[in-house]
Amino acid sequence: MIIREATAQDVSVLARMRWNLRMDDAPPDDRYPEYEARFSQFLTDALESGLWMAWVIEQEGEILAHIYLQLIEKVPRPGALDQHFGYVTNVYTRPDSRNQGLGAQLMNHVIEWAKTRQLEFMILWPSDRSAPFYQRAGFEHPHDTLELILNDD
């Protein structure tokens, strides 16, 4: 089993996995080709930008899990001219590979990567179901942020 950065060659598999993440409990949908084209363009551009990273866990050439991180550049301030924080999203493990510690391995890898890049912090928006997973990885509810929901789709 290996953890590696995702590449352009992974885009079609990652598109299907993201579709499954959002559509697991939904009825069949014939909009997949449209979605895959849009997702593929987004992820290809995102990875090329250097502002998005994606990692996968792979076993025998098959992707079992993935995680994405967007680098958000902070406004320069005295003493911290080039700081970033990370937005973690799209964390997914295939149903047949869950509860084996793959998600934890992947999250730990990303946390270590973020530390070596000296990110100030990482944020994410968990579902109720996923919150315990992120809390075990060290994420906490912040006490100093405010949020304005503009669209809750």
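The values are calculated or read from the model by the stated rules, or taken from the named source; none is laboratory data. On a predicted model such as this, the values are computed, not experimentally measured, just so you know. Glycine gets a Cβ as well: all are built from the backbone with ideal geometry, and neighbour counts include every protein chain shown.
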- Item | Search result, residues across the range 110-138 that are touching a Leu at 6+ places or on another chain (Cβ under 7 Å) and either farther than 13 Å from I67 by Cβ or of a type in the set (A, V, I, L, M) (or both) | V110
- State which residue is farthest from W19 (Cα to Cα) when the search covers only the range 53-106 and only residues that are among the polar types (S, T, N, Q) and outside any strand (DSSP E or B). Q83
- Item | Residues satisfying the stated conditions in the range 122-153, i.e. touching a helix residue (DSSP H, G or I) at 6+ places or on another chain (Cβ under 9 Å), of a type in the set (A, V, I, L, M) and not in a loop (DSSP other than H, G, I, E, B) | M122
- Item | Where N90 falls short, out of the listed (1) more than 14 Å from the chain's Cα centre (by Cα); (2) under 19 Å from V13 (Cβ atoms) | (1)
- Item | Residue among E120, E140 that alone is free of Cβ contacts under 8 Å to residues at least 12 places away in the same chain and either exposed (fewer than 12 other Cβ atoms within 10 Å of the Cβ) or of a type outside the set (V, I, T) (or both) | E140
- P95, sole failed condition from (1) closer than 20 Å to Y134 by Cβ; (2) at pLDDT 95 or above: (2)
- Task: Report whether or not V13 is among the aliphatic types (A, V, I, L, M) and over 22 Å from I123 (Cβ atoms).
- Result: yes
- Any chance R22 is surrounded by fewer than 15 Cβ atoms within 10 Å (Cβ to Cβ), without any contact (Cβ under 8 Å) to a residue 60 or more places away in the chain and not in a strand (DSSP E or B): yes
- Item | Of residues in the range 49-63 being without any contact (Cβ under 8 Å) to a residue 40 or more places away in the chain and surrounded by 10 or more Cβ atoms within 10 Å (Cβ to Cβ), the one farthest from S130 (Cα to Cα) | S49
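Table: residues versus (1) in contact with an Asp or Glu (Cβ under 7 Å, 6 or more places away or on another chain); (2) over 20 Å from L14 (Cβ atoms).
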{"site": "F85", "(1), (2)": "yes, yes"}
{"site": "P95", "(1), (2)": "no, no"}
{"site": "G101", "(1), (2)": "no, yes"}
{"site": "P132", "(1), (2)": "no, yes"}
{"site": "R136", "(1), (2)": "no, yes"}
{"site": "T145", "(1), (2)": "no, yes"}
{"site": "L148", "(1), (2)": "no, yes"}
{"site": "D152", "(1), (2)": "no, yes"}
